[in-house]
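Worksheet: one structure, shown below.
The values are calculated or read from the model by the stated rules, or taken from the named source; none is laboratory data. Because the structure is a prediction, the values reported are computed rather than measured. For neighbour counting, all protein chains shown are included, and Cβ atoms are generated from backbone atoms with ideal geometry for every residue, glycine included.
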């Protein structure tokens, strides 16, 4: 019997594929009800209009691949953005930002990687990846999430920076 390496939403769970998410300079991200995304759970994919996010929703942690589009330039520093979820994976046994993390780069320092089942080891002011159950990467040709090799990524989390970013986000909400 083959085991699924990833999962989509189960019966009764809401899928967010094709759903728009707006970002307003004054109010921030307009996420679906019951969902949150910390700043350290987001990663742009270099050389593209794509981003990969880890979201915590009422039905569990999810990995979203999104397309970013500028809707309106407000001024030199601010724009209204629209993100559209184009691929999604649901991992109910993971913890967003901990065991499910975007703080990784690929073999040539490229972004767009997510580890699941991550275990971390302390390395001074950072946490380095000790092991993981799996890795997803953004396939730019298909613009979908694809499985990748665990050994192909380098991951580091910075708890102090994550906490500071979370405090800043909460101060603006």
Q.
Looking for something under 18 Å from residue 44 (Cβ atoms) and either buried (at least 16 other Cβ atoms within 10 Å of the Cβ) or at pLDDT below 95 (or both) - is there at least one such residue anywhere in the range 114-130?
A. yes
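Here are some residues: 42, 19. Which one is touching a strand residue (DSSP E or B) at 6+ places or on another chain (Cβ under 6 Å), in contact (Cβ under 8 Å) with a residue 40 or more places away in the chain and within 14 Å of residue 82 (Cβ to Cβ)?
Details: 42 fails: within 14 Å of residue 82 (Cβ to Cβ).
Answer to the check: 19.
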Q.
Condition check: touching a strand residue (DSSP E or B) at 6+ places or on another chain (Cβ under 9 Å) and surrounded by 14 or more Cβ atoms within 10 Å (Cβ to Cβ). Does residue 133 satisfy that?
A. yes
Q. So how many residues does the range 131-144 have that are assigned to a strand (DSSP E or B), over 19 Å from residue 40 (Cα atoms) and in contact (Cβ under 8 Å) with a residue 40 or more places away in the chain?
A. 2
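Can you tell me which residue in the range 38-75 is surrounded by the most Cβ atoms within 10 Å (Cβ to Cβ), limited to those that are over 15 Å from residue 113 (Cα atoms) and in contact with a helix residue (DSSP H, G or I) (Cβ under 7 Å, 6 or more places away or on another chain)?
38
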Q: For the range 76-85, indicate whether the set of residues that are at pLDDT below 90, surrounded by fewer than 16 Cβ atoms within 10 Å (Cβ to Cβ), in a loop (DSSP other than H, G, I, E, B) and touching a strand residue (DSSP E or B) at 6+ places or on another chain (Cβ under 6 Å) is non-empty.
A: no
Q: Would you check which residues across the range 119-157 are within 16 Å of the chain's Cα centre (by Cα) and farther than 25 Å from residue 87 by Cα and list them?
A: none
Q: Considering each of 93, 147 in turn, give the residue that is loosely packed, with under 14 Cβ neighbours inside 10 Å and either part of a strand (DSSP E or B) or touching a residue at least 40 places away in the same chain (Cβ under 8 Å) (or both).
A: 147
